[in-house]
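Asks: Got a structure for you, written out below as structure tokens; questions coming shortly.
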Amino acid sequence: MSRPEHIAPPEIFYNDEEAGKYNTNTRIQSIQAEMTERAIELLDPEGPSLLLDIGSGSGISSSIAESFGHVAVGMDISPSMLSVALESQDVEGDMLLADMGNGVPFRAGTFDGVISISAIQWLLNADKTCNVPQRRLNRFFETLYSSMKRGGRAVMQYYPESDRSQQMILDTAKKCGFAGGIVVDHPESKRQKKFYLILQAGGMRAL
Amino acid sequence: MKLLTVNFLTCSNKRCSGTSEAFPLKIEDAKLAIQEIELKPEFLRNILPRVDWNALLISTRQLGNHSLPEEKPELTEESDEVLLKSLHNVLLETEITEGKMTCGSCGHVYPIYEGIPNMLLSETEI
Ligand SMILES: [Zn+2]
């Protein structure tokens, strides 16, 4: 299967037709839901929290976070995905049309925690001449770190393309102040293998 | 978009981060709606210390609401339901469905459609 991030930028790839699949394809939905529940388990928030959902897409992950008592703020670059979220999910939290590679536009210490499902691999795309992946990664992790409460955690499920890209993401996060690592679920299964980048924004909480 | 979110949102432009004119974004031409949401006392107690009360006063006044007290109220385990409900109503149930937000530093106008602010910048601003 070709990787969607190789076909077009996310705001182009997730057009109305592709975004609609997220609403009607039950297999996609159940995988997204499963990964969100796992991300929240790894996040292990202390009580009802304010969470940022990066690449919130059709709203599945935000609505699951809300079902656990949290308030989610989603951000996504695809207007089609956001319309799907408006129409189909009963997401109570807010959504923003925003580009993660241009930073997380929130003041310091806003979020208790961060989740992201199948989104951050898009940061490595150089789909426009103004998109330099390393610069976008820097800007993203720098502003993400600042937007989180000290001691807060970010859990980001993603599809790393190569060991090199995985290292590039982790190195940049660490350079921006995060501690953390990668959890791999079902490492033995090529099809079910899932990567979760777990980052800690300061504080002494053990992973 | 909720006033809670407005209270944490900043300009996307790198050059504006940390400048006092850039926060809070100035709300104009707003259409409001009330979205009923279940009261979450624990969440309110968690979030209120992080709410910038002065910015909230500025935002609510831009929306024509002058009912909030000058000082941030304190929430305790015993806080009465009236106080919890009024904070809940302002922060979580009041929605800006249409309108625009302007950065006081760079002047960028962020439009809001169907409750979703467009925080994208043009290529020249990145
Ligand atoms: Zn600005």
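The values are calculated or read from the model by the stated rules, or taken from the named source; none is laboratory data. Given the structure is predicted, the values throughout are model-derived calculations rather than measurements. Glycine gets a Cβ as well: all are built from the backbone with ideal geometry, and neighbour counts include every protein chain shown. Accessible surface areas use protein heavy atoms only, side chains included; no ligands, DNA or RNA. Shrake-Rupley method; radii C 1.70, N 1.55, O 1.52, S 1.80 Å.
Asks: Quantify how strongly other chains surround peptide A:135-148 by giving the mean number of their Cβ atoms within 10 Å of each of its Cβ atoms. Write out the running numbers ahead of the final one.
Replies: Values: counts 1, 1, 0, 0, 2, 0, 0, 2, 4, 0, 0, 3, 2, 0.
Partner-chain Cβ atoms within 10 Å, mean over residues of A:135-148: 1.
Asks: Return the Cα extents of the stretch B:58-126 along principal axes one, two and three, sorted largest first, each rounded to a whole Å.
Replies: Principal axes ranked by extent give 51, 25, 24 Å for the Cα atoms.
Asks: Name the residues whose placed amide hydrogens come within less than 5 Å of the amide hydrogen of A:Leu96, ignoring near sequence neighbours (fewer than 5 apart) on the same chain.
Replies: Hits under the 5 Å cutoff: A:Gly74, A:Met75, A:Asp76.
Asks: May I ask for log10 I(q)/I(0) of chain A at q = 0.11, 0.14, 0.18, 0.19 Å⁻¹, from a Debye sum over the Cα atoms as equal point scatterers with solvent left out?
Replies: Taken in order of the listed q values, log10 I(q)/I(0) reads -0.46, -0.78, -1.40, -1.59.
Asks: Over the protein assembly as shown, average the accessible area per residue using a 1.4 Å probe and give it in Å², no decimals. Could the numbers behind the result be given before it?
Replies: On the way: 15060 Å² over 333 residues.
Accessible surface, normalised per residue, equals 45 Å².
Asks: Output wanted: per-residue J couplings in Hz (rounded whole) for the stretch A:183-193, from phi through Karplus 6.51 cos²θ - 1.76 cosθ + 1.60, θ = phi - 60°, x for Gly and Pro.
Replies: 9, 10, 8, 6, x, 7, 9, 4, 7, 9, 3
Asks: Treating only the Cβ of Lys, Arg, Asp and Glu as charged (+1, +1, -1, -1), what charge dipole size does the stretch B:3-117 show about its Cα centre? Round to the nearest 20 debye. Don't skip to the answer; put the middle values down first.
Replies: On the way: 11 positive and 18 negative charges, 139 e Å.
The calculated dipole for the stretch B:3-117 is roughly 660 debye.
Asks: Rounded to whole Hz and in sequence order, give me ³J(HN,Hα) for the stretch B:77-90 from the Karplus expression 6.51 cos²θ - 1.76 cosθ + 1.60, θ = phi - 60°, writing x for Gly and Pro.
Replies: Going residue by residue, I get 4, 8, 3, 6, 4, 5, 5, 4, 5, 5, 5, 4, 5, 6 Hz, with x marking Gly and Pro.
Asks: Given points 7 Å out from each Cα along the Cα-Cβ axis, report the A:His186 to A:Ser67 separation in nanometres with one decimal.
Replies: So the label points at A:His186 and A:Ser67 sit 1.9 nm apart.
Asks: Another question about this same structure. Based on the Cβ-Cβ distance of B:Asn54 and A:Arg150, what FRET efficiency does E = 1/(1 + (r/R0)^6) give at R0 = 22 Å, to the nearest 0.05? Could you put the intermediate results ahead of the total?
Replies: Numbers: r = 22 Å, r/R0 = 1.02.
Calculated value: 0.45.
Asks: Turning to a different aspect of this structure: Taking GluC sites (Glu not before Pro) as candidate sites, keep only those in a DSSP loop with at most 16 other Cβ atoms within 10 Å, then name the longest stretch of chain A containing none of them. The partial results should precede the final answer.
Replies: Numbers: sites that count: A:Glu46, A:Glu161, A:Glu188.
With GluC sites (Glu not before Pro) excluded where exposed in loops, chain A gives A:47-160 as its longest stretch.
Asks: Given H placed 1.01 Å from N in the peptide plane, which residues other than close sequence neighbours of B:Thr10 have an amide H under 5 Å from its amide H?
Replies: When sequence neighbours closer than 5 places are left aside, the close amide H contacts are A:Phe106, A:Arg107.
Asks: Under 10 Å, Cα contacts only: if you run a Gaussian network model on chain B, which one of B:Leu83, B:Leu32, B:Leu92 comes out with the highest mean-square fluctuation?
Replies: Answer for the Gaussian network model of chain B: B:Leu83.
Asks: Pairs A:Lys21/B:Lys26; A:Lys194/B:Lys40; A:Lys21/A:Lys149; A:Lys149/A:Lys175: which are spaced more than 26 Å apart, C-alpha to C-alpha?
Replies: Numbers: A:Lys21/B:Lys26 37 Å; A:Lys194/B:Lys40 33 Å; A:Lys21/A:Lys149 35 Å; A:Lys149/A:Lys175 18 Å.
Beyond 26 Å between Cα atoms: A:Lys21/B:Lys26; A:Lys194/B:Lys40; A:Lys21/A:Lys149.
Asks: Starting from the Kirkwood radius over alpha-carbon pairs of the stretch A:16-64, derive D by Stokes-Einstein at 20 °C in a medium of 1.002 mPa s and give it in µm² s⁻¹.
Replies: On the way: Rh = 11.8 Å.
In µm²/s, the coefficient is 182.
Asks: While we're looking at this one, here's another question. How big, in percent, is the set of alpha carbon pairs in the stretch B:3-117 lying more than 20 Å apart?
Replies: The answer is 43 percent, as a whole percent.
Asks: Using a 1.4 angstrom probe on heavy atoms only, work out the carbon and sulfur share of the accessible area of chain A in %. Each step should come with its number before you reach the end.
Replies: Working: 4490 of 8750 Å².
After summing per-atom areas, the C and S share lands at 51 percent.
Asks: Let me ask something else. Which residue, B:Val109, A:Val104, A:Pro48, has the largest displacement toward the positive end of the dipole of the protein assembly as shown when charges sit on each Cβ (Lys, Arg +1; Asp, Glu -1)?
Replies: Result: A:Val104, furthest along the dipole toward the positive end.
Asks: Something else: Name the residues whose placed amide hydrogens come within less than 5 Å of the amide hydrogen of A:Ala179, ignoring near sequence neighbours (fewer than 5 apart) on the same chain.
Replies: Result for A:Ala179 returns A:Gln200, A:Gly202.
Asks: Convert each backbone phi in the stretch A:26-36 into a coupling constant with the Karplus relation 6.51 cos²θ - 1.76 cosθ + 1.60 (shift: θ = phi - 60°), then list the ³J(HN,Hα) values in order as whole Hz, x for Gly and Pro.
Replies: 5, 5, 4, 4, 6, 5, 4, 5, 4, 5, 5
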